[in-house]
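Enquirer: Sharing a structure, written as structure tokens. Questions coming.
The values are calculated or read from the model by the stated rules, or taken from the named source; none is laboratory data. These numbers were taken from a predicted model, which means no experiment stands behind them. All Cβ positions, even for glycine, are placed from backbone atoms using ideal geometry, and neighbour counts span all protein chains on display. Note: accessible area is taken over every heavy atom of the protein model, side chains too, but ligands, DNA and RNA are not part of it. Shrake-Rupley method; radii C 1.70, N 1.55, O 1.52, S 1.80 Å.
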Amino acid sequence: MVELNANIPEGPMAEKWTRHKFGVKLVNPSNKRKYKVLVVGTGLAGASAAATMAELGYQVESFTYSDTPRRAHSIAAQGGINAAKNYPNDGDSTHRLFYDTVKGGDYRSREANVHRLAEVSNQIIDHCVAQGIPFAREYGGNLANRSFGGAQVSRTFYARGQTGQQLLLGAYGALQKEISKGSVKMHTRCELIDVVTIDGRARGIITRNLVSGEIERHVGDAVVLATGGYGNVFYLSTNAMNCNASAAWRACKKGALFANPCFTQIHPTCIPVHGDYQSKLTLMSESLRNDGRIWVPKKKSDSRPASEIPEDERDYYLERKYPSFGNLVPRDLASRNAKEICDAGYGVGPTGDAVYLDFSEAIGRLGRDAIEARYGNLFEMYNRITDDNPYETPMMIYPAVHYTMGGLWVDYNLMTTVPGLYAIGEANFSDHGANRLGASALMQGLADGYFVLPNTVNNYLADLERDSVDVSHPAFVKAEQTASAKLDKLLAIKGTRTVDDFHRELGLLMWNECGMARSEAGLKKALEELPKLRDAFWSDVNVPGSGDDLNQALEKANRVADFLEFAEFMLRDALDRAESCGGHFRLESQTEEGEALRDDEAFAYVSAWEFKGVGEEPVLHKEPLVFEEVPLSQRSYK
């Protein structure tokens, strides 16, 4: 029987993390080199964790399916990273960042974890400045800040529109230093295809070399998954096409519970879909909403160019509906409003599924040079993709899948329900509730990697009895055989449909029934259709080539097979949670004004799902959420 124990420390909220660091067990410096930690993923969370633990003295092995850690998807983050430095002196504080994050997540996150995140945010900025991250600065030399959605203060530090890239280069530099010292062994072009457990504890992983096809076994004393989210279950998303849910899903099948899988984030500012055979979508940073104004024509199906629509015939609908926050409402509100207004017939562009993001007022007020200094690379990217000049005509944007708040369930120490198996960054569920605020993903990834995990993993390792387990153990042999058999089965089908064809069909089903708006009828329909699609995949997919060489079709097939299983968790979670909260919007649960209507009496808990078999109904476990510092209330940004 699985028991959920969040291991939240006792004491006042502001003291929990400090007390916990003092109370955890330590590992003697001379003993740390006896323990090996396997870190899967080299994004901000994975690279920072591997570098920090290696610097502490642990043996570390790091794994990435890319040819270099620098290609991790963290590099694509644009807008910035939050911290409660209060440099603008506009009323920010650790408590306000904590409050905004809990409220922004629509009261579905664990308070203690969120407060710790707010506490370490300032340390992250200090650390990154010491690394040489080129944050934007004011004329006098002070670090600059800008605003993001869900906050009325400016707390976001940024490096133009490439903050993720610069932060990842800092973490990559720290990781490379440890690789050169020999304290980190780097495995590139290796993909995790199973997690190995022995006596209920995580003891290693099985990987496939994506160049040679070789299956390899790796043993360790702890396994850390920093493998990102599962947004590509929708096929079209802002994620890199290689991003997948396989590592987390394999862990789930080995006993780790999956928390809040229906909590997915739709980002409001993305370049709209332009064709049926598009393979991914492009994010335009939320930072653009600082100076860009969102509007649509007041007349339905208005085909006039934006420049010919006079001011009094424009509806700045976010400013109209949410005067206190305007265009900087949280992402779930901005996305849902864009969908509603386009569905009502006011959308623009060839498909009618777009709204304008207009910088003309800001350019007139600040000058083109100022706007170019802030967003120049983003404007250039938009121009290259659309051939429109956003300095002269408004951008056209529409919401797209971007991030997943759900993830593997972890306790306060970031350990899953499998002892010795940790999940950090977007791979876990812990900090963002039902909606992540902009610029908080980078904050969480670096908080977990640099400051949290290195202070909690020792609590587990200190009590771990050393043994002689190696890769010849029967558990490793069985895991390798199972993983290899699945690959062989995929290659042997020789069907008529491509992997992408199945993935596209799955994505459309999930977007229509489990996207921005969900209903009981739609979710039940999807739960009926999904097993049929999964059966069709396993009988008619065509995976050319062999498993003994570079085979990208096989890589995709293995990942899509996992998506076809994992999607059922998402649908069941969305059906079970008969309320609206954050990015989870049930049509049956909304206020008279069309806003999300929570049901705190029935659903103030974390949904943690236990895998029982493919096609079998998973078991729901509940972690009650208690709010001591931020009282439950109906979220309002008006």
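Enquirer: Give me the net charge for the shell around ALA240: Cβ to Cβ below 12 angstrom, other residues only, Lys and Arg +1, Asp and Glu -1.
Expert: The answer is +2.
Enquirer: Right, here's the next one. Beta carbons within 10 angstrom, averaged per residue: use that to sort the peptides 211-222, 84-95, 47-58, highest first.
Expert: Highest-to-lowest ranking by the protection proxy: 47-58, 211-222, 84-95.
Enquirer: Report, by chain and number, residues whose modeled amide H sits under 5 Å from the one on VAL606, excluding near sequence neighbours (fewer than 5 apart, same chain).
Expert: GLU623, LEU625
Enquirer: Give me the distance between the Cα centres of the stretch 398-425 and the stretch 34-59, rounded to whole Å.
Expert: 17
Enquirer: Determine the share of the stretch 130-171's accessible area contributed by carbon and sulfur atoms, expressed in whole percent, with a 1.4 angstrom probe.
Expert: Taking all protein chains in place, the stretch 130-171 shows 42 percent carbon and sulfur surface.
Enquirer: For the stretch 476-533 and the stretch 70-111, what is the centre-to-centre distance using only Cα atoms, to the nearest Å?
Expert: Result: 34 Å between the Cα centres.
Enquirer: Mind scanning LYS85/LYS181; LYS34/LYS622; LYS300/LYS321; LYS321/LYS622 and naming the pairs with a C-alpha gap bigger than 29 Å?
Expert: Check vs 29 Å cut-off fails for LYS85/LYS181; LYS34/LYS622; LYS321/LYS622.
Enquirer: In Å², and per residue, what accessible area does the chain have when probed at 1.4 Å with the other protein chains present?
Expert: Accessible area per residue: 38 Å².
Enquirer: Using a simple spin-label model with points 7 Å from Cα along the Cα→Cβ vector, what separation in nm is obtained for GLU617 and GLU15?
Expert: Computed distance between label sites GLU617 and GLU15 equals 4.7 nm.
Enquirer: Considering only DSSP beta bridges whose two residues both sit in the chain, what percent are antiparallel, to the nearest 5?
Expert: In the chain, approximately 70 percent of DSSP beta bridges are antiparallel ones.
Enquirer: Let me ask something additional. I'd like the Karplus ³J(HN,Hα) series for the stretch 354-369: coefficients 6.51, -1.76, 1.60, θ = phi - 60°, whole numbers in Hz, and an x wherever there's a Gly or Pro.
Expert: Whole-Hz 3J(HN,Hα) from phi for the stretch 354-369: 6, 10, 8, 10, 10, 10, 4, 5, 5, 5, x, 7, 10, x, 4, 4.
Enquirer: Please list, ordered by chain and number, the residues whose modelled amide H lies under 5 Å from the amide H of ASP194; skip anything fewer than 5 residues away on the same chain.
Expert: Amide H neighbours of ASP194: ILE206.
Enquirer: Can you give me the long-range amide H partners of GLY150? Hydrogens built in the peptide plane at 1.01 Å from N, cutoff under 5 Å, separation of 5 or more residues or another chain.
Expert: VAL329
Enquirer: List, in order, the whole-Hz ³J(HN,Hα) value for each residue of the stretch 471-483 obtained from phi through the Karplus relation with A = 6.51, B = -1.76, C = 1.60 and θ = phi - 60°; use x for Gly and Pro.
Expert: 6, 8, 4, x, 5, 5, 4, 5, 4, 5, 5, 5, 5
Enquirer: Using a 7 Å offset from the Cα along the Cα-to-Cβ direction at both ARG320 and ASP576, what is the distance between the two label points in nm, to one decimal?
Expert: So the two model labels end up 4.0 nm from each other.
Enquirer: Relative to the present Cα-Cα distance, how much length would full extension add between SER519 and LYS494 at 0.36 nm per residue of separation?
Expert: The SER519-LYS494 span can extend by a further 5.3 nm.
Enquirer: Express in Å², to the nearest 10, the accessible area of PHE627 obtained by rolling a 1.4 Å probe over the protein heavy atoms while all chains stay in place.
Expert: That residue has around 40 Å² of solvent-accessible surface.
Enquirer: For the full complex of protein chains and a 1.4 angstrom probe, list LEU620, LEU491 by accessible area with the highest value first.
Expert: LEU620, LEU491
Enquirer: For the stretch 474-602, what number of Lys pairs, 8 or more residues apart or on separate chains, have alpha-carbon atoms under 24 Å from each other?
Expert: Taking the Cα cut-off of 24 Å, the pair count is 12.
Enquirer: Let me ask another. Does the stretch 267-401 come out rounded, prolate or oblate, given a ≥ b ≥ c as the square roots of the eigenvalues of its C-alpha gyration tensor, rounded meaning a/c under 1.5 and, failing that, prolate meaning a/b above b/c?
Expert: It is rounded, given that a/c, with a ≥ b ≥ c, falls under 1.5.
Enquirer: Right, something else. HN-Hα J couplings of the stretch 296-302 from phi, Karplus 6.51/-1.76/1.60, θ = phi - 60°, integer Hz, Gly and Pro as x?
Expert: Result, rounded to whole Hz: 9, x, 6, 9, 5, 6, 7.
Enquirer: Apply the a/c threshold of 1.5 to the C-alpha gyration tensor of the stretch 1-117 and tell me whether it is rounded, prolate or oblate.
Expert: Here the stretch 1-117 falls in the oblate category.
Enquirer: With label points built 7 Å along Cα→Cβ from the Cα atoms of GLN131 and GLU392, find their separation and express it in nm.
Expert: 4.0
Enquirer: Report the Cα centroid-to-centroid distance between the stretch 556-576 and the stretch 173-236 in angstrom, as an integer.
Expert: 22
Enquirer: While we're here: May I ask you to compute the full-extension gain from ALA462 to SER307, defined as 0.36 nm times their residue separation minus their alpha-carbon distance, rounded to one decimal in nm?
Expert: So the extension gain works out to 49.2 nm.
Enquirer: While we're on this one: List the equivalent ellipsoid semi-axes of the chain in whole Å, largest first, each obtained as the square root of 5λ for an eigenvalue λ of the Cα gyration tensor.
Expert: Over the Cα atoms of the chain, the semi-axes work out to 37, 29, 24 Å.
Enquirer: Can you give the local net charge around GLU3? Use residues other than it whose beta-carbon is closer than 14 angstrom to its beta-carbon, Lys and Arg +1, Asp and Glu -1.
Expert: After counting each charged neighbour, the total is -2.
Enquirer: Can you tell me how much longer the chain between SER360 and LYS486 gets when fully stretched, taken as 0.36 nm per residue apart minus their C-alpha distance, in nm with one decimal?
Expert: Taking 0.36 nm per residue and subtracting the Cα distance, the gain is 39.8 nm.
Enquirer: Relative to the longest principal Cα axis of the chain, at what angle does helix 44-56 sit, 0 to 90 degrees, rounded to 10?
Expert: Once rounded, the angle reads 40 degrees.
Enquirer: Would you report the distance distribution of C-alpha pairs in the stretch 474-602 as whole percents per 10 angstrom bin, up to the bin with the largest distance?
Expert: Reading the bins upward from 0: 12, 34, 25, 18, 10, 2.
Enquirer: Tell me the Rg and the Dmax, in Å, that the Cα atoms of the stretch 371-428 produce.
Expert: 19.8, 56
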